[in-house]
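Notes for the one structure printed next.
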């Protein structure tokens, strides 16, 4: 099957998604970061009750916490991205990738048929899915030597 057809016909459910790592929005950043580490996840879904209210990622931690030296005892809601862009489980993967690319995002929450968060999907996960569909083409490509400079840049 050609790449165009795969991207158009395969859905988030076909690609698969990670089990969500979640925390309530009132939890402090210290607890949120511990939850991410324990869940071995690059993103954290922020909930109010059962409703998705935000997302917090490794990139958010680096830019909003570490670089600004913010207090880890403040609520995660202060640092999350509110009303995050989402992927629906039955949505074609090309639409999800287009939103990720347009927004510069690497992770999206996945919503089930009832609109509740059921997982997360990442750009890397989609790349592995596509590579698995065409392993000989992906893994047997010859290197492109013209892609890399022959001499070091700078002084």
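The values are calculated or read from the model by the stated rules, or taken from the named source; none is laboratory data. Remember, predicted model here, so these are calculated numbers, not experimental data. In this analysis, Cβ positions are derived from the backbone assuming ideal geometry, glycine residues included, and neighbour counts consider all displayed protein chains.
Scoring residue 13 on the criteria (1) at pLDDT 95 or above; (2) touching a helix residue (DSSP H, G or I) at 6+ places or on another chain (Cβ under 7 Å); (3) closer than 18 Å to residue 96 by Cβ leaves a single failure, condition (2).
Against the definition (at pLDDT 95 or above, within 24 Å of residue 2 (Cβ to Cβ) and in a helix (DSSP H, G or I)), how does residue 100 come out, yes or no? Here the answer is yes, as residue 100 does meet what is asked. Take the conditions assigned to a loop (DSSP other than H, G, I, E, B), surrounded by fewer than 16 Cβ atoms within 10 Å (Cβ to Cβ), more than 16 Å from the chain's Cα centre (by Cα) and modelled with pLDDT of 95 or more and apply them to residue 90. Does it pass? Answer is yes for this residue. Applying the condition of being in contact with a helix residue (DSSP H, G or I) (Cβ under 8 Å, 6 or more places away or on another chain) and free of Cβ contacts under 8 Å to residues at least 40 places away in the same chain to region 109-131 and asking which residue is nearest to residue 4 (Cα to Cα) yields 131.
Within region 47-77, restricting attention to residues that are touching a helix residue (DSSP H, G or I) at 6+ places or on another chain (Cβ under 8 Å) and not in a loop (DSSP other than H, G, I, E, B), which residue is surrounded by the most Cβ atoms within 10 Å (Cβ to Cβ)? Before you say what the answer is, go through the steps one by one.
First pass over region 47-77, keeping only residues touching a helix residue (DSSP H, G or I) at 6+ places or on another chain (Cβ under 8 Å): 53-54, 56, 58, 61, 65, 70-76.
Still in the running and not in a loop (DSSP other than H, G, I, E, B): 53-54, 56, 58, 61, 65, 75-76.
Values: 53: 16, 54: 20, 56: 28, 58: 15, 61: 18, 65: 19, 75: 16, 76: 24.
The residue in question is 56.
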